[in-house]
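The values are calculated or read from the model by the stated rules, or taken from the named source; none is laboratory data. Computed from a predicted model, the values in this text were never measured in an experiment. Positions of Cβ are backbone-derived with ideal geometry, glycine not excepted, and every protein chain shown enters the neighbour counts. When the accessible area is computed, the model is the full protein with side chains, heavy atoms only, and any ligands, DNA or RNA have been set aside. Shrake-Rupley method; radii C 1.70, N 1.55, O 1.52, S 1.80 Å.
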Amino acid sequence: MAPAEPNALPFRPQGEIPRFAEEKEGWRGYVEWEEYPDKKKQAQEILKRYDFPEPPEFQLVPLPTTNPILTGERWKQYHDACGLEYMYEDSWETVRREKSEDMIHVLQFPYNGEAPGERLIKTELTHNKDHFVRNHDGIPDIDPATWTLDIGGLVKNPQKLTLAQLQDESIFPRQSNIVTLQCSGTRRIEQIHEYPGDGDELINAPWGEGAISTARWTGVSLKKVIKYCGGLVDNADNIEFYGADTYFKKGNVHNYIVSVPWRKVKAHEVLLAWDMNGEPLPKIHGFPVRVVVYGYIGARSVKWLYKIRAIHRPSTAPVQLKEYLYYTPQIGKQNAQYSNGFSIQDMPVSSAIIAPKNMDQIIHEGKIRLAGWAYSGGGHWPVRVEVSGDGGSIWYEVPAENMSTKYFYAWRTWWIDLPVDAEGWLEMCVRCWDNAMNTQPTFVRSAWNWGLHVTSSAHRVKIYSINKSRPNTAARLRQLEENNVPIIPITRPIHFDLETDEEYAKAMESRAWRDPLE
């Protein structure tokens, strides 16, 4: 795919362009907003001056065939207006340096990208260069020697920790777990194709099946860090995380802030991680320290962590309050409110067929190999995977030996040689069952929601079956080969007669010709 232009829509900031100072020496791309109401107000006034061009439509019309698929023009315009254009320039350079060359750049800025599916499921653990990325703004560049973590709010003894202190095993014993992270937008393209929904200021990236990856994360359990701070006080019940990236929402500017309930922390299911698959965190994945929340929506696993607060009730910051909400199918642009959606936390059971791909045309001898992934969050794990070759009427269980290792917090990859006798267009689908007997809705419509989050329905791909174990099909394939005519793609016509006059007459005789005798 051709590279997209870095800024395709016309936009020029008016008047003197502001320069918002970066907060800390050695931290590029981090502007502190939350501590400075006057600075936030200044940015808000700047944004009010502009009637920004409408971003390109991408749901009611076909997606571009470029890579990046979408470029994030509205988000770039916000940065241009505030003198922060260097953030998206730096971000793109980091992507090119740290990610595989053939990544699918779903959104250029903020960067959203997934690896080609076939490589994604080849290994239980995803290579760092292939791990999906869902960023909400630019990628800060933080000097680990100057990094600190402020821990405050409703804790007995607030602390400011350095990276050396956090990594000191005499203070904090380390924890390491294999954990799958998944974006709530995984497989969003299926909802978009059938029932478009919310676009918001930040384009809802048209994710395929690759917005999920698995790694071994190493760091410190947040519970131990809170204990080091003397524990919680005043019945605090949520923990709030601050990321160094900037976030725009409805004409305002913020730092990225979300929260998780204390009960999640108590279960040692919230990790402050600095190591990813035995290597220091890549910059694009949150270097030097990020949060990893087991079994939750990926949006809670804050990158470029710099502050933690113990609070009452969930965070009221916009990402938590106004984003990642799940609505009923009766809710849409006409009646959506923040209060009539519920916050997405635990990820539901889900799965995907990675191979074959939708619209593949497959020559086979009565079996087609399917392969993919299955996952369940919230402390559950995949137990059984089933596939269907007829759209969901008859299901075949994937043999246990064809599934990868079972982990508490991770996906399982799978494959099966599915018996297929039928020819022509077929609909293959997959569903997963987890250890709590949860499974997936059968159709996309069952899981549609205005925010286009959590496409948890049985994943479907349409394939064209060419079964060469059938004599007539085998004969046609030989005929095509002898005439040096490919059968794929099936949409190209055959340039020779399909049968001779003699063959036609003989066949029609056996069928008693076209019309009845009387």
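Here are a few things to note about the model shown:
- Per residue Cα convex hull volume in Å³ - calculated over region 220-271: 103
- Ordered by solvent-accessible area of protein heavy atoms (1.4 Å probe), largest first, the residues Lys506, Lys48 come out as Lys506, Lys48.
- Reported to the nearest whole Å, the Cα centre-to-centre distance from region 391-419 to region 129-184 is 34.
- For region 453-506, the C-alpha radius of gyration sits at 1.71 times the compact-globule guess of 2.2 N^0.38 Å, with N the residue count.
- With the Kirkwood sum run over all distinct C-alpha pairs, the chain has a hydrodynamic radius of 25.2 Å.
- For region 139-261, a crude dipole built from +1 on the beta carbon of Lys and Arg and -1 on the beta carbon of Asp and Glu, taken about the Cα centre, is about 480 debye to the nearest 20.
- Rg/Rh ratio calculated on Cα atoms of region 219-353 (Kirkwood radius): 0.99
- Database remark: amide H of Lys307 closer than 5 angstrom to the amide H of Asp150, Tyr242 (H placed geometrically; neighbours at sequence offset of 5 or more, or on other chains; Pro and chain starts carry no H).
- Counted by Cβ distance under 11 Å from Ala273, the other residues give a net charge of +3, where Lys and Arg count +1 and Asp and Glu count -1.
- Close amide H partners of Asp245, meaning residues 5 or more places away or on another chain with modelled amide H under 5 Å apart, are Tyr256.
- Spin-label pair Asp497/Arg263, simplified geometry with 7 Å Cα→Cβ offset, distance in nm: 7.6
- Extension gain for Glu45 to Lys224 (0.36 nm times residue separation, less C-alpha to C-alpha distance): 60.2 nm.
- Between 0 and 90 degrees, the angle of helix 471-482 with respect to the longest Cα principal axis of the chain falls at about 80 degrees.
- Sorting the Cα pairs of region 310-415 by distance into bins of 5 Å, from 0 upward, gives 2, 10, 15, 14, 13, 12, 12, 10, 7, 3, 1, 0, 0 percent per bin.
- Relative contact order (%) - criterion: Cα under 8 Å, at least six apart; region: region 358-429: 41
- Viscosity 1.567 mPa s, temperature 4 °C, Stokes-Einstein D of region 62-110 from Kirkwood C-alpha radius, µm²/s: 113
- Test item: Cα-centred dipole of the chain, Lys/Arg +1 and Asp/Glu -1 on Cβ, debye: 1820
- Each principal axis of the Cα cloud of region 3-82 was taken in turn, and the coordinate range along them, longest first, works out to 42, 30, 21 Å.
- Per-residue ellipticity at 222 nm computed for the chain from its helices equals -4500 deg cm²/dmol, with DSSP H segments shorter than 4 residues left out and the rest contributing -39,500 (n - 2.57).
- Solvent-accessible area, 1.4 Å probe, carbon plus sulfur percent, for region 427-483: 47
- Listed residues Phe342, Gly117, Gly138: farthest to the positive end of the dipole of the chain (Cβ charges): Phe342
- Look at the alpha carbon pairs under 8 Å that are at least 6 residues apart: their mean separation over the length of the chain gives a relative contact order of 13 percent.
- Region 87-191: relative contact order in percent, alpha carbon pairs under 8 Å with at least 6 residues between: 19
- Of interest is the spacing of the C-alpha centroids, which for region 52-79 and region 436-473 amounts to 28 Å.
- Per residue, the chain exposes 46 Å² of accessible surface when a 1.4 Å probe is rolled over the protein heavy atoms with every protein chain present.
- Nearest-10 value in Å² for the accessible area of Met403, using the 1.4 Å probe: 20
- Sorted largest first by accessible area at a 1.4 angstrom probe radius, with every protein chain in place, the residues Tyr36, Tyr464, Tyr30 fall in the order Tyr36, Tyr464, Tyr30.
- Approximate spin-label separation Asn483-Glu35, in nm, with each point projected 7 Å along Cα-to-Cβ: 7.6
- Overall form of region 1-139 per C-alpha gyration tensor (a/c, 1.5; a/b vs b/c): oblate
- Normalising the Debye intensity of region 159-281 to I(0), with uniform scatterers on Cα atoms only, and taking log10 at q = 0.19 Å⁻¹ returns -1.21.
- Rg/Rh for region 171-219, where both radii come from Cα atoms and Rh is the Kirkwood radius: 1.23
- Region 183-305 - percent of accessible surface contributed by carbon and sulfur, probe 1.4 Å: 45
- Stokes-Einstein D for region 384-445, Kirkwood Rh over Cα pairs, 4 °C, 1.567 mPa s (µm²/s): 100
- Accessible area of Phe342 in the full protein assembly, 1.4 Å probe (Å², nearest 10): 130
- Positive-end ranking of Leu418, Val385, Cys229 along the dipole of the chain, with charges on Cβ about the Cα centre, is headed by Cys229.
- For region 307-398, carbon and sulfur atoms together expose 51% of the accessible surface, with a 1.4 angstrom probe and every protein chain in place.
- Computed with every protein chain present, the accessible area of Phe11 is close to 20 Å² [probe 1.4 Å].
- Since only Leu477, Thr442, Ile488 are under comparison, the one whose Cα sits farthest along the positive direction of the charge dipole of region 416-518, derived from C-beta charges on Lys, Arg, Asp and Glu, is Thr442.
- When the alpha-carbon atoms of region 369-518 are used, the pair Rg, Dmax equals 22.1, 72 angstrom.
- Simple Cβ-charge dipole of region 9-103, Lys/Arg +1 and Asp/Glu -1, about Cα centre, in debye nearest 20: 180
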